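One structure is given below, encoded as structure tokens.
The values are calculated or read from the model by the stated rules, or taken from the named source; none is laboratory data. Please read all numbers here as calculations on a predicted model, not as lab measurements. Using ideal geometry, Cβ is built from the backbone for each residue, glycine included, and neighbour counts are taken over all protein chains shown.
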Amino acid sequence: MPSHDFLNPKISPAKPQRSLEDLLTQAGKHHVLAVKLSVPDRLVKPHSLVAGWISARQSARKHAKENGSTWTFQADPGPFTENDNRRHRILSALFKAIELQGGRVEEGVKGQLFICEDRDQLEISLREKKKRVRVPLTDQQRSWRPHSDETHKWDMQPTGFLIFEIKSYVSSPVQKNWVENQSVRLEDELGLIVPNLFAALQLVRESRLLREEDSRRYQQRQLEAAVARQRWADEQKRWDSLVQIAHDWKDRQLVLEFLRSQMNEPDGITALTGEMTECDWIDWVQSRLGQALTST
């Protein structure tokens with residue numbers, strides 16, 4: 001009786017979802033969950049990366065002040081805002097906590113921030129959240145649009161709240177962003193952010209290892225295919241050589257049979273010698289037959 005199993009296909013059970021604790025345990029970072037982190041109210045000893053940003057801003061302001069009356073004038077970037085200062089305090093505490101647990105922090109050429117461990121990295125960002133608001137046009141802006149009835153425009157304005165993001169792709173159970181609101185401040189979330197970063201690094205590490213294993217297997221298949229092609233080419237070369245030897249042998253047998261038939265014909269050999277003497281011609285034939293015999 002024919003099988004109807006295709007009508008009731010078996011569905012493989014989904015892999016159980018790993019928890020944050022499982023990922024941290026596999027990464028050897030389970031203890032990070034118990035680490036208590038705090039953000040100081042004042043930035044006394046900033047992380048070297050944050051200190052570099054502060055120094056660069058001070059240098060830019062000093063340069064703008066000294067060159068304000070020259071053709072090389074550069075606008076003063078102004079002092080840091082309160083949210084800038086908060087961002088520095090939070091990132092300084094975060095960077096120190098990451099390095100204390102064996103990670104490292106790097107800055108990209110375009111200012112990107114990366115949390116790294118061994119060969120793996122995560123891109124992160126901490127910025128002020130903005131919202132899209134409708135604002136009325138000023139008299140000057142309306143004068144630029146004399147034939148328009150528009151009285152408002154859309155603009156992006158800061159909210160005063162910070163948002164922390166893991167910008168690299170990672171799957172759950174890792175939390176990828178933390179957004180401040182009236183009741184949640186990022187200073188209080190570092191104890192959760194740091195474990196999630198190390199769990200995310202574990203997922204990135206696993207993805208890299210899978211890619212490397214896939215690449216290794218692909219290269220192995222390519223190597224095996226190249227060896228098989230070379231083996232086939234060698235066998236084909238041997239076969240072609242054998243076929244050529246068989247053709248040469250057949251030609252030699254044909255010549256011998258032909259010569260034997262000519263020996264029985266009156267003037268049979270003489271008709272073949274051309275301008276050569278019969279003795280020279282016979283020597284030449286024997287030489288060629290000997291070469292054919294040697295080649296076989």
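In the range 190-218, of all residues being touching a residue at least 24 places away in the same chain (Cβ under 8 Å) and polar (S, T, N, Q), the one that is farthest from Ile163 (Cα to Cα) corresponds to Gln202. Of the candidates Gln157, Gln182, Gln202, the single residue that is part of a loop (DSSP other than H, G, I, E, B) and either of a type outside the set (Ser, Thr, Tyr) or surrounded by 12 or more Cβ atoms within 10 Å (Cβ to Cβ) (or both) is Gln182. From the list Asp139, Asp118, Asp84, the lone residue that is assigned by TED's automatic domain parsing to the domain that holds Leu37, surrounded by 14 or more Cβ atoms within 10 Å (Cβ to Cβ) and not hydroxyl-bearing (Ser, Thr, Tyr) is Asp84. Take Glu257 and decide whether it is modelled with pLDDT of 95 or more, of a type outside the set (Val, Ile, Thr) and either exposed (fewer than 12 other Cβ atoms within 10 Å of the Cβ) or in the same structural domain as Ser168 (by TED's automatic domain parsing) (or both). When the stated conditions are applied, Glu257 does not pass them. Residues that are assigned to a loop (DSSP other than H, G, I, E, B), among the basic types (Lys, Arg), at pLDDT 90 or above and within 30 Å of Leu100 (Cβ to Cβ): does the range 33-52 have at least one? Yes, the range 33-52 contains a residue that is assigned to a loop (DSSP other than H, G, I, E, B), among the basic types (Lys, Arg), at pLDDT 90 or above and within 30 Å of Leu100 (Cβ to Cβ).
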